[in-house]
Amino acid sequence: MKKAFEKYIPFQPIPMAGRKWPDRQITKAPVWCSVDLRDGNQALVDPMNLQEKLEYFHTLMDIGVKEIEIGFPSASETEYEICRELIDGGHIPDDVTIQVLVQAREHLIKKTFEAIKGAKNVILHFYNSTSTLQRKVVFHSDMAGITKIATDAADLIYEMSQPMIEAGMNLRFEYSPESFMGTEMDYAVEICQAVLEHLHATPERRVILNLPSTVENCMPNYFADEIEYFIEKLPSRDCAIISLHPHNDRGCGVATAEMGLLAGAERIEATLFGNGERTGNVDLVTLAMNMWTQGVDPELDFSDINKIRDMYERTTKMKVGERQPYAGELVFTAFSGSHQDAINKGTQWMAQHDSGYWEVPYLPIDPADVGRQYEPIIRINSQSGKGGAAFVMQHSFGFDLPKAMHPEFGHIVQVETDRVGTELKAERIYGLFKENYIDADKPYEMMRHSFAEFTDEEGHSHVTFAGTLRHTDTVFQVQGSGNGPIDAFFNAIHGQKMDHFTFVDYKEHAIKSGSDSQAVAYIHLQDETGKDWFGVGMSHNINLAPLKGILSAINRWYRATH
């Protein structure tokens, strides 16, 4: 590749002064048109059958797409069949418009008019290629010849449409100068203006001018310059709806579409998850959800993205990538320790404050907005930190570990990830927690216990604990008093070779809601060397859970030091 790059002709940007688009914001949804059933379908190894197309069509309507390009009915009997089934089968509600594509060729246009008979709302979309390259290497024609192809088609379409319009069909027109991005802008203006005139466009009956980046060959900011220039130079701007049809050859389809909207476009043609020829069309989901993150209603419903993704994968036999924005399996997942810690703190902050805004680092939207769950957000591998395991325990299993305990449990999990060399699933993390804390019930275990409590004249509580403990094969009795159950138990075991500890802190909460809830207690002890030891106890008895937690911490110390 050392010198091979020199054979490519660089894109020549338009000299622009006083650009307006960089200072604008996207504040409302464009008109959305899905081209899944045409552009998307024609790019499949195995095109969809009739039933798959129908399911796809109904899904698009459920999402809220109101303009749907259903195919190229003059191209094949299969394409003709889906058009007729949608019309004759009553699949199209009154608020949805079907769009049909046709080349600017007489016999194909006539076949297309046959295909749309009986429909209520139709956009007839015709096109011919206008780019410098295609004029030179494909059509061997000058600008006048290319314009004549377009205007002859416009004349025929206008003539054939009149009886249908008079009979009550809401029939609109759309013209695409294919490969617009590679067309000289003054010529693009000239041919589109000619088409508007031949279609008798008016402000009341506007024609859609669809400006495709058929092959993406420049940076998105240059494309925005083209759109702004085109709009400013188009004489009959008030008679046109400016539509975009971005492809993704440079990987910039989303940016091209967004900057095109800033430059004045009003409509977008796109596909779910960017399906389409070569690198695909612009992704409808990403565009819509990008607006969502900015507080703009895209007027589309992706609240069950998994269902939509499943339909797409089943009907197209294509796979949505794990990193596909908003829909990929891993897009709301953090493996990095610092990311996990920030997400954990963000969710805690949200729980403590009622600002009404989504404010969680590393998560641009609330996964629940697209029907995703919290369980997979933080996943644990060798890159994860101390807070990640605690997040999983809280959001997957309801254990709210005290912050001081995070490093210790995080280390336990880290050792296991290093050992196995793969990601740890949530169930395995819970297993490590259970093995290391809840099941730390030997060598010291409680066999029987009782509490006695009374309140003195000053209102102070006094609790006495009496119990039977076992250490391996030795059974012994203990008794102690204190100002509460924990203090009484801790005093009871003092002097029983269990007095190497200072009680530091404890935390307790319910692990389930309702009458069958269990209490979980986290105990923090410190041994004579100043080392921290944590224990966890669980019980339906709120007084017993912390006692089990104390024994858990002592047993963990014993295992580590003997």
Taking only the alpha-carbon positions of the range 49-158 as identical scatterers, the Debye log10 I(q)/I(0) at q = 0.11 Å⁻¹ comes out as -0.41
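Using Stokes-Einstein with the Kirkwood hydrodynamic radius over Cα pairs, what translational diffusion coefficient do you get for the range 447-562 at 10 °C and a viscosity of 1.306 mPa s, in µm²/s rounded to a whole number?
The calculation lands on 107 µm²/s.
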Given all pairs of distinct Cα atoms, the range 18-316 yields a Kirkwood Rh in Å of 19.3
Ranked from fewest to most other Cβ atoms within 10 Å of their own Cβ, Cys83, Cys252 fall in the order Cys252, Cys83
In order over the range 307-315: 3J(HN,Hα) from phi, Karplus 6.51/-1.76/1.60, θ = phi - 60°, whole Hz, x for each Gly or Pro, gives 5, 5, 4, 4, 4, 4, 5, 6, 7
Residues meeting the amide H criterion for Ile241 (H placed from the backbone, H to H distance under 5 Å, 5 or more places apart or on another chain) are Val207, Ile208, Leu209
Which residues qualify? For Ala104, with a placed amide H closer than 5 Å and at least 5 residues away or on another chain, they are Tyr127
The extension gain from Asp186 to Asp95, computed as 0.36 nm times the residue separation minus the Cα-Cα distance, is 29.1 nm
The long-range amide H neighbours of Glu178, using H built 1.01 Å from N in the peptide plane and a cut-off of under 5 Å, are Asn128, Ser129, Thr130
Pairs over 22 Å Cα to Cα, from Lys512/Lys548; Lys110/Lys148; Lys434/Lys512; Lys20/Lys233; Lys120/Lys307; Lys66/Lys117, come to Lys120/Lys307
Per-residue Cβ contact counts at 10 Å, fewest first, order Phe454, Phe273, Phe173, Phe11 as Phe454, Phe11, Phe173, Phe273
Per-residue Cβ contact counts at 10 Å, fewest first, order Arg135, Arg84 as Arg84, Arg135
Tilt, helix 106-115 to longest principal axis of the chain (alpha-carbon atoms), in degrees rounded to tens, equals 50
Under Stokes-Einstein, the chain at 4 °C and 1.567 mPa s, with its Kirkwood radius over C-alpha pairs, diffuses with a coefficient in µm²/s of 45
Whole-Hz Karplus couplings 3J(HN,Hα) for the range 179-193, θ = phi - 60° and coefficients 6.51, -1.76, 1.60, Gly and Pro as x, run 6, 3, 4, x, 9, 4, 5, 5, 6, 4, 4, 4, 6, 5, 5
The equivalent-ellipsoid semi-axes of the range 316-411, taken as the square roots of five times the Cα gyration tensor eigenvalues and listed largest first in whole Å, are 24, 17, 11
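Only the coordinates and a few stated rules stand behind these numbers; no lab work does. Everything quoted here is computed from the prediction, not taken from an experiment. Note that we place each Cβ from the backbone using ideal geometry, even for glycine, and neighbour counts take in every protein chain shown.
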